[in-house]
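Worksheet: one structure, shown below.
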Amino acid sequence: MAPRLGPLPLLLLPALTWAVVVATDPPPPNSRSCAATTDYASEREPLLSTEDVRLLVAVDHSTAFPGAVTTACGSGLAGTAHAIHCVGGYPVGGVILEPPLPPTRSVLFLHGLIDKPPLYLSLLSLLLRAANSTADPSPWRSTRLLVPFAPAYPRLFRDAAADQGVPAGPIHAWFDNSHTFPYIPVGALVGATPGEVAAALVATGVVEDRPGLATSTDRLAVLASAQAAGALDGTLPPVAEARTAVVGHSNGGGMAWHLAVQSGVAWAGVVAMSGHLPLTPLYERYPPLARAGRRPFSVASVAGANDTVVDPRVSEAAADVGRRLLGGDDAVTHVTLPGSDHMTYLLGDANTPTVVGLLERAFDGADD
C-alpha cells in the first residue's frame with residue numbers, strides 16, 4: 001500500500017511554486033509577464049557548491065505540506081534507508097540518495113520548476129516508502145537516486161507574482177520555458193485529440209531555450225558518465241548508464257523528454273511526468289533534428305487527468321510526437337491518471353502505486 005495523505009488542497013503546498021500553480025485564466029500568448037530575457041547564458045546562475053547545497057538542504061521545509069520531512073546532508077532520508085549525500089559543483093550540484101545495499105541501478109530524478117528544490121526530497125521519501133511496500137526484498141533498497149538541482153534563473157518570469165502564481169525571485173529550472181508557459185494550461189490550446197493539440201502547439205511557432213536545453217543535456221549526460229566511471233565523489237561505486245532510468249516531473253518532465261530524443265545516452269528507460277516535449281514545433285518541421293539513444297529504450301508519459309498546470313492533452317501530445325521521433329508505438333506509452341492533478345500522484349493518492357509500477361518498468365530495458 002502506498003502512503004495515503006488524503007485530499008490535499010493546493011493551498012497546502014505554497015512553497016512548491018510552479019509544481020502546484022493553478023492556471024485558471026491563461027494569459028495571452030504575448031504577455032510580457034511570461035517572457036524572460038533572451039540572454040539565457042547571463043540569466044543562469046552557476047551550479048551550487050557543496051556548502052550551498054548543504055545550506056539549502058538544511059532549511060526546515062517540514063511544514064510546507066503534509067508528509068514533508070526534515071532533511072540534512074549526511075543524514076538518512078526520513079522514512080527510508082537511503083542516506084543523503086550532498087555534492088556540489090559540476091555535474092552533480094545537488095543530492096545523491098545512496099541506498100542501504102550496494103547499488104545495482106539508479107534513477108536520475110529531475111525536479112520541476114521550483115524555488116526550493118530540496119522539497120522534492122520529501123516527495124522521493126514518499127515514493128520510496130510506497131516502492132518498498134510493494135516487494136520484499138525491495139529492489140529499491142539497491143537503487144541510487146541522483147537528484148541534481150537545476151540552475152537558478154534570477155528573473156525567469158517578469159512580474160510573475162502578480163499574475164502567474166510563481167515567485168518573481170530566483171527559480172530553479174532545467175531550461176527557460178516561460179515562452180511556452182501560456183500554451184500548456186488547460187484550455188490554452190484548441191484541440192480534442194493529441195494530434196490536434198500537437199498541431200496547435202506547432203502552430204504557435206514557439207521554439208524554447210535551446211541553449212539551456214543543450215547545457216542541461218550535456219551536464220546530465222556527463223553526470224551519467226561520471227557515475228558509470230565511479231567518479232561521483234570518489235567514494236560511491238559505479239552504476240552503468242544502461243542501468244540508469246531518467247524520471248522527471250513538470251519542467252523536469254520536459255527535460256526528461258529532451259534527454260530521450262537528444263542526449264544519445266543509452267538510458268534504461270525514461271518516465272516523463274506532467275511534462276511537454278520541448279521544441280515540438282521544431283521537430284515536427286525537421287524530424288531529423290531528433291536523435292534517439294544508442295539502443296532502444298522505452299519512454300512512459302504520465303499525466304494527471306485533473307492537471308490544470310500542464311494540460312493532460314499536452315502530455316499526451318508529447319507522447320504522440322515522441323512515438324514518431326523514437327521509432328513507433330512500442331517506444332512510447334502514455335498513461336492518464338484519473339483523479340490526480342499536477343502533484344497528487346507523487347503525494348500518496350490512489351494512483352501512487354501506478355506511478356511506482358511505471359518507475360519499476362523503466363528498468364525493463366536495463367542491461368543485466
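Could you identify the single residue in Asp218, Asp311, Asp307, Asp209 that is without any contact (Cβ under 8 Å) to a residue 24 or more places away in the chain and either touching a helix residue (DSSP H, G or I) at 6+ places or on another chain (Cβ under 8 Å) or within 22 Å of His111 (Cβ to Cβ) (or both)?
Testing whether each residue is without any contact (Cβ under 8 Å) to a residue 24 or more places away in the chain and either touching a helix residue (DSSP H, G or I) at 6+ places or on another chain (Cβ under 8 Å) or within 22 Å of His111 (Cβ to Cβ) (or both) leaves just Asp218.
Taking Leu282 as meeting all but one of (1) modelled with pLDDT of 90 or more; (2) over 14 Å from the mean Cα position of the chain (by Cα); (3) under 27 Å from Ile114 (Cα atoms); (4) of a type outside the set (Gly, Ala, Ser), write down the number of the exception.
Status for Leu282: all satisfied but (1).
Looking only at region 230-254, which residues are within 16 Å of the chain's Cα centre (by Cα) and not in a helix (DSSP H, G or I)?
Thr244, Ala245, Val246, Val247, Gly248, His249, Ser250
Just to be sure I understand the filter: pairs with C-beta atoms under 8 Å, separated by 6 or more residues or on different chains, first member in region 96-124 and over 21 Å from Gly348 (Cβ atoms) and at pLDDT 95 or above, second member surrounded by fewer than 22 Cβ atoms within 10 Å (Cβ to Cβ) and of a type in the set (Phe, Trp, Tyr). Which pairs pass?
Filtered contacts from region 96-124: Arg105/Phe363.
Within region 317-345, how many residues turn out to be at pLDDT 95 or above and among the acidic types (Asp, Glu)?
Residues that pass the stated criteria total 1.
Taking region 62-91 only, how many residues are buried (at least 20 other Cβ atoms within 10 Å of the Cβ) and touching a Lys or Arg at 6+ places or on another chain (Cβ under 7 Å)?
Looking only at that region, the number is 3.
Taking the options Ala199, Ala203, Ala192, Ala226, name whichever one is over 17 Å from the mean Cα position of the chain (by Cα) and not in a helix (DSSP H, G or I).
Ala192
From the list Thr352, Thr280, Thr344, Thr308, which residue is buried (at least 24 other Cβ atoms within 10 Å of the Cβ), touching a Pro at 6+ places or on another chain (Cβ under 9 Å) and among the β-branched types (Val, Ile, Thr)? Before you say what the answer is, go through the steps one by one.
Numbers: Thr280 fails: touching a Pro at 6+ places or on another chain (Cβ under 9 Å); Thr344 fails: buried (at least 24 other Cβ atoms within 10 Å of the Cβ); Thr308 fails: buried (at least 24 other Cβ atoms within 10 Å of the Cβ).
The unique qualifying residue is Thr352.
Among the listed residues Gly253, Gly248, Gly234, which satisfies the condition of being of a type outside the set (A, V, I, L, M) and surrounded by fewer than 17 Cβ atoms within 10 Å (Cβ to Cβ)?
So the residue among Gly253, Gly248, Gly234 that is of a type outside the set (A, V, I, L, M) and surrounded by fewer than 17 Cβ atoms within 10 Å (Cβ to Cβ) is Gly234.
Report, by residue number, each residue of region 180-194 that is under 15 Å from His276 (Cβ atoms) and either in contact with a helix residue (DSSP H, G or I) (Cβ under 7 Å, 6 or more places away or on another chain) or polar (S, T, N, Q) (or both).
Thr180, Phe181, Pro182, Tyr183, Ile184, Ala188, Leu189, Gly191, Pro194
Given the conditions (1) at pLDDT 85 or above; (2) of a type in the set (A, V, I, L, M, F, W, C); (3) in contact with a Pro (Cβ under 7 Å, 6 or more places away or on another chain), report the number of the one that Ala160 does not fulfil.
(1)
Is it true that some residue in region 108-117 is surrounded by fewer than 23 Cβ atoms within 10 Å (Cβ to Cβ) and β-branched (Val, Ile, Thr)?
The answer is no, given that none of the residues of region 108-117 is surrounded by fewer than 23 Cβ atoms within 10 Å (Cβ to Cβ) and β-branched (Val, Ile, Thr).
The values are calculated or read from the model by the stated rules, or taken from the named source; none is laboratory data. None of these values were measured; they are calculated from a predicted model. Positions of Cβ are generated from backbone atoms using ideal geometry, with glycine treated the same way; all protein chains shown enter the neighbour counts.
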